[in-house]
Every structure is written in structure tokens, then in C-alpha cells.
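**Student:** Sharing a structure here in C-alpha cells format.
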Amino acid sequence: MDKIPLSRRGFLTTSSAAVLGAGAFAQPDPDKPTRVGVIGVGGRGTYLLNILLSVPATSVPAICDINEENLARAVGVVRDTRGNSPDGYSRGPFDYRRMLERDDLDAVLIATPIELHAAMAVDAMHAGKHVASEVPGATNMDDCHALVKAKRKTGRRYMLLENYIYGYERMMVANMCKQGVFGETYYAECAYIHDCNYLRFKPDGSLTWRGETSRDHNGNTYPTHSLGPIAKWMGINKTDRLVSLTCMDSKGLGIRRYVEKKFGPDSQQAKTQWAGGGMCVTLIKTAQDRLITVYYDVCSPRPLNLFLLIQGDEGLYDSRQGIYLDGVSPKDEWQKWQTYSDKYEHEYWKTRGEEAKTTGHGGGDYFVVSDFVEMVQQDKEPDIDVYDSATWSAVTPLSQESLRKGGSDVKFPDFTT
């Protein structure tokens, strides 16, 4: 793919269609119910099920989970909310395929452990079902390509449930980027820094799937929360694309210290060799010669930090500081982002902000589920599509490849071609 021309008029015109929610605004039609099967109803899946049931235009005829307790709880949620008891599927790890054979499902929502997302999504599309997948969409390059191939072959719709894009402040910044407030953007930073050590162990001390991930894999294994908003602001896969990355990481002292304190220095857990566990920093170049820095650390003892920065030649937004616009803001002084909220508030928040506030991730959980239902009802491509899912998820295997090569530069496939 050749570099896209960087003239201001051309860039601002083409990028306006690349920002989340830039198209016509529509809410799900309650008179056109969407029939959704849910695969995976642990804590996160049950939470999403409740939000799905809060959208009037939905029904849930079937639920799959190999954990009988989880399944019974989720069936009870539907029964208490809607009055019907959905059919349950729990015969084993592949029983979801039996559920996919039903002809009364328009789509499925997948909220299983991350290593299962891609295979289940591919199976669902081949079964004629639209897909909503929790993040990340895939954990290896083969699965990234498989998602794209399945979508193209079947013609089904696929949406990645990346809720961090939809927060009030982030959608306001999306509007500002769309309207060229920061000028021509050329640099961005994003981070997912979140102490998740407590999620790595079951009560009996054995590893959860998150623990197994830290044990077996280095690199950025959870890239979409941080990269998703930046990618939308920069029009990635619309007016620009990711072309290469390089990755470096530190040793993982945080997770070792946590395990020794919790289980003892001589415990079996303390003898575990962790592939990941330190600060991981990834530098990404785009076709337009823009640069993105991605920070990832889920093992160090520090407060949650999910900062975002977008720099243009006329100003910038930094979630840690505020907004600075050259010639508009007081000289060398940050302005609070709220200064611009009335002018650039996103249409989603103007019309459905009160409903969104009742859900998690800054309201993002409401909007991401609602957009999924709208995608199925209108049979249209979502804002966060299969190409976004493959591209953002590819950061995981590519960062691991770069680390294996001593931080060498590695190339992104162009999933859109």
C-alpha cells in the first residue's frame, strides 16, 4: 500500500469518515428483535448478557458454558428478565458447535477465555451467524488471518467488543480528530497499565487462564484497550494502516514479588518461570510515517493507568494533562478537556448518555453491545470490524516475534487487501 497523501485538505476530508460513529446515528429497532446466543457466561459473559437483555430489540434463545453453575445462573438471568428459559449447552468444550446448528439464532456473543475467541468466531460465521467477540479477537497470526478469511467467505458480520473506544471523553476526542481540531496528527501514545496479579490464581493456588498467559507468553498480550481508541482517531484501516513494529520489555520483578508474598518464597507457585511480567513497550510505524507508542504492564504494583495521547501540528490531547491548542489555549498552559465538551460532545452521548452511564468501562459496555445489535438488525458493517480486530490483535504475535529477534523491526500484514 502506497503512502496516503498528507495534504491537510485531503487528510481532513478522508479521515472524517474513519472516526468511530462518523456515519448516520441509529438505535436498535425494538420491533425487529435480534436473536443472540451467548457463548461463555462467567463473570464477564453474564455481565454482558445483562446489558444485552437491557436492549429491547433482543432475545436470547440459547446459552453455552461448560461450567454448569455459570450456565444455570445465566439461564436464571434470562428467565427473571424476560420470562423464558433459554436452552443450555454444556456437554464439553465443543458443544457450542451444536448450539450454532440452531436456525433461531441471528448472531452469537463470545465471552470465553481469549485463546478461544478466534476459533469460535470462525465456526460461528461458517454456521451463518453474525459475531460479537470479546477482546482480543485472536492471539496468533494464523487466527488473525482465519478471522478475515471466514468473514470474506461467509459474508457474515463480525464486531470486536472493544468498549474503551466509547467513553465520553474518548468519543469527544474522536469528534475533535474528525473535525481537524489538532491539525494533522503524527504521533500518539497509549497504555494498558493495570495490576492484574490477583486475577492470575484460583482460590486453590492454581493458575487461571490469565496466569497461564503470563507464564507462557511475553510481549503485549492484551493490546486492544490501549490501541483501539488511537487507531480510530488516526483512521487506521481507513486512511492509514499499521506497517511495522519493534518491541522491548523489562524483567518481570512485580509478578515474582507478588507470588512470593502471597504463597511464600519456597512455594510451588514461586518456582514458576514467567515469560512475561515486566513493562513492555511497542513502537508502531504507519504507512503515513506516523508513530504510536504502546505501553503494557499488568504485573507491576502501581495504580491503574490507561493514558492516551494524540499529537497534531496544531495541538494535542493528553488524558493525563488535558488539551493544548496552538493559538487557542493560553501560552504553555493545559486546558481541561471539559472546556471542549459542549462543542464536541459525541452524538451517542447526547442521545443515550444516561443509559450508558449505568454500565461499566465509562459507558462503553452499553454502546458496544448496542452497536452490535444494530449491526445485526441492519446487516451492516460495524465501526469496529474484522480488519480492526485482526490488525490490533496482531500486535500480540508481532511483539513476541520482535522480542525473539532482540527488538528487531517486524512487518504487519495488510489484512484489508
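**Student:** Restricting the search to the range 384-413, which residues are farther than 20 Å from residue 122 by Cβ and among the charged types (D, E, K, R)?
**Tutor:** 401, 404, 405, 409, 411 - these are the residues of the range 384-413 that are farther than 20 Å from residue 122 by Cβ and among the charged types (D, E, K, R).
**Student:** Also, I was wondering about something else. Give the range 137-148 a look and list any residue that's of a type outside the set (A, V, I, L, M, F, W, C) and either in contact (Cβ under 8 Å) with a residue 12 or more places away in the chain or buried (at least 21 other Cβ atoms within 10 Å of the Cβ) (or both), or say none. Working first, answer last.
**Tutor:** Applying the first criterion (of a type outside the set (A, V, I, L, M, F, W, C)) to the range 137-148 yields 137, 139-140, 142-143, 145.
Of everything in the range 137-148, those that are of a type outside the set (A, V, I, L, M, F, W, C) and either in contact (Cβ under 8 Å) with a residue 12 or more places away in the chain or buried (at least 21 other Cβ atoms within 10 Å of the Cβ) (or both) turn out to be 137, 139, 140, 143, 145.
**Student:** I've got another one for you. Could you list all residues from the range 58-81 that are in contact with a helix residue (DSSP H, G or I) (Cβ under 8 Å, 6 or more places away or on another chain), part of a helix (DSSP H, G or I) and closer than 26 Å to residue 30 by Cβ? Please lay out each step first, then the result.
**Tutor:** Initially, the range 58-81 is screened for residues in contact with a helix residue (DSSP H, G or I) (Cβ under 8 Å, 6 or more places away or on another chain), giving 58-60, 62-66, 70, 73-74, 77-78, 81.
When the remaining residues are screened for being part of a helix (DSSP H, G or I), the result is 70, 73-74, 77-78, 81.
If the condition is that a residue be in contact with a helix residue (DSSP H, G or I) (Cβ under 8 Å, 6 or more places away or on another chain), part of a helix (DSSP H, G or I) and closer than 26 Å to residue 30 by Cβ, then 74, 77, 78, 81 are the ones that fit.
Matching residues to (1) of a type outside the set (Gly, Ala, Ser); (2) in contact with a strand residue (DSSP E or B) (Cβ under 7 Å, 6 or more places away or on another chain); (3) in a helix (DSSP H, G or I); (4) without any contact (Cβ under 8 Å) to a residue 40 or more places away in the chain:
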{"site": "135", "(1), (2), (3), (4)": "yes, yes, no, no"}
{"site": "152", "(1), (2), (3), (4)": "yes, no, yes, yes"}
{"site": "177", "(1), (2), (3), (4)": "yes, yes, yes, no"}
{"site": "188", "(1), (2), (3), (4)": "no, yes, no, no"}
{"site": "213", "(1), (2), (3), (4)": "yes, no, yes, no"}
{"site": "227", "(1), (2), (3), (4)": "yes, yes, yes, no"}
{"site": "246", "(1), (2), (3), (4)": "yes, yes, no, no"}
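Condition check ((1) free of Cβ contacts under 8 Å to residues at least 12 places away in the same chain; (2) more than 22 Å from residue 391 (Cα to Cα); (3) in contact with an Asp or Glu (Cβ under 9 Å, 6 or more places away or on another chain)) across all residues:
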residue	(1), (2), (3)
239	no, no, no
257	no, yes, no
261	yes, yes, no
281	no, no, yes
284	no, no, no
287	no, no, yes
293	no, no, yes
333	yes, yes, no
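**Student:** Just the residues that are surrounded by 18 or more Cβ atoms within 10 Å (Cβ to Cβ) and over 14 Å from residue 320 (Cα atoms), please, taken from the range 184-194.
**Tutor:** Result: 185, 194.
**Student:** Hey, can you tell me all the residues within the range 35-57 that are at pLDDT 95 or above and not in a helix (DSSP H, G or I)?
**Tutor:** Listed by number, the residues that qualify are 35, 36, 37, 38, 39, 40, 41, 42.
**Student:** Here is a further query. Looking at (1) closer than 23 Å to residue 158 by Cβ; (2) in the same structural domain as residue 284 (by TED's automatic domain parsing), which one does residue 405 not meet, given that it meets all the others?
**Tutor:** If we test residue 405 against (1) closer than 23 Å to residue 158 by Cβ; (2) in the same structural domain as residue 284 (by TED's automatic domain parsing), just (1) comes out false.
**Student:** Another one. Determine, yes or no, whether residue 295 is at pLDDT 95 or above, under 30 Å from residue 256 (Cβ atoms) and either surrounded by 15 or more Cβ atoms within 10 Å (Cβ to Cβ) or of a type in the set (Val, Ile, Thr) (or both). Before you say what the answer is, go through the steps one by one.
**Tutor:** Details: at pLDDT 95 or above: yes; under 30 Å from residue 256 (Cβ atoms): yes; either surrounded by 15 or more Cβ atoms within 10 Å (Cβ to Cβ) or of a type in the set (Val, Ile, Thr) (or both): yes.
Yes; evaluated as a whole, the condition is true for this residue.
**Student:** Ok, one more. Only one of these conditions is not met by residue 211: (1) crowded, with 16+ Cβ neighbours inside 10 Å; (2) among the small types (Gly, Ala, Ser); (3) under 30 Å from residue 309 (Cβ atoms). Which number is it?
**Tutor:** (3)
**Student:** Then there is this: Being in contact with a Ser or Thr (Cβ under 8 Å, 6 or more places away or on another chain), assigned by TED's automatic domain parsing to the domain that holds residue 404 and farther than 25 Å from residue 367 by Cα: is that true of residue 312 here? Before the answer, list the steps.
**Tutor:** Working: in contact with a Ser or Thr (Cβ under 8 Å, 6 or more places away or on another chain): yes; assigned by TED's automatic domain parsing to the domain that holds residue 404: yes; farther than 25 Å from residue 367 by Cα: yes.
Yes.
**Student:** Answer yes or no as to whether residue 191 is of a type in the set (Gly, Ala, Ser), under 24 Å from residue 284 (Cβ atoms) and not assigned by TED's automatic domain parsing to the domain that holds residue 232.
**Tutor:** Spelling it out, it is not the case that residue 191 is of a type in the set (Gly, Ala, Ser), under 24 Å from residue 284 (Cβ atoms) and not assigned by TED's automatic domain parsing to the domain that holds residue 232.
**Student:** Then there's this: Which one is surrounded by the fewest Cβ atoms within 10 Å (Cβ to Cβ) among residues in the range 56-99 that are closer than 16 Å to residue 36 by Cβ and among the small types (Gly, Ala, Ser)?
**Tutor:** The qualifying residue surrounded by the fewest Cβ atoms within 10 Å (Cβ to Cβ) is 85.
**Student:** Taking residue 350, is it closer than 19 Å to residue 233 by Cβ, part of a helix (DSSP H, G or I) and among the basic types (Lys, Arg)?
**Tutor:** On the way: closer than 19 Å to residue 233 by Cβ: no; part of a helix (DSSP H, G or I): yes; among the basic types (Lys, Arg): yes.
In short, no.
Okay, residues lined up against (1) in contact with a strand residue (DSSP E or B) (Cβ under 6 Å, 6 or more places away or on another chain); (2) surrounded by fewer than 21 Cβ atoms within 10 Å (Cβ to Cβ); (3) among the polar types (S, T, N, Q); (4) at pLDDT 95 or above:
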| position | (1), (2), (3), (4) |
| --- | --- |
| 328 | no, yes, no, yes |
| 375 | yes, no, no, yes |
| 395 | no, no, no, yes |
| 398 | yes, no, no, yes |
| 403 | yes, no, no, yes |
| 414 | no, yes, no, yes |
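**Student:** Then there is this: Of (1) under 30 Å from residue 345 (Cβ atoms); (2) touching a Ser or Thr at 6+ places or on another chain (Cβ under 9 Å); (3) assigned to a loop (DSSP other than H, G, I, E, B); (4) not small (Gly, Ala, Ser), residue 84 satisfies all except one. Which?
**Tutor:** Here residue 84 meets the rest and fails (1).
**Student:** Read through the list (1) surrounded by fewer than 18 Cβ atoms within 10 Å (Cβ to Cβ); (2) modelled with pLDDT of 95 or more, then give the number of the only condition that residue 181 fails.
**Tutor:** Among (1) surrounded by fewer than 18 Cβ atoms within 10 Å (Cβ to Cβ); (2) modelled with pLDDT of 95 or more, the lone unmet condition for residue 181 is (1).
**Student:** May I ask you to list the residues in the range 101-119 that are surrounded by 21 or more Cβ atoms within 10 Å (Cβ to Cβ), of a type outside the set (Gly, Ala, Ser) and closer than 30 Å to residue 207 by Cα?
**Tutor:** Matches in the range 101-119: 108, 109, 110, 112, 117.
The values are calculated or read from the model by the stated rules, or taken from the named source; none is laboratory data. This is a predicted model, so every value here is computed, not measured. Cβ coordinates were reconstructed from backbone atoms using ideal geometry, including for glycine residues, and neighbour counts include every protein chain displayed.
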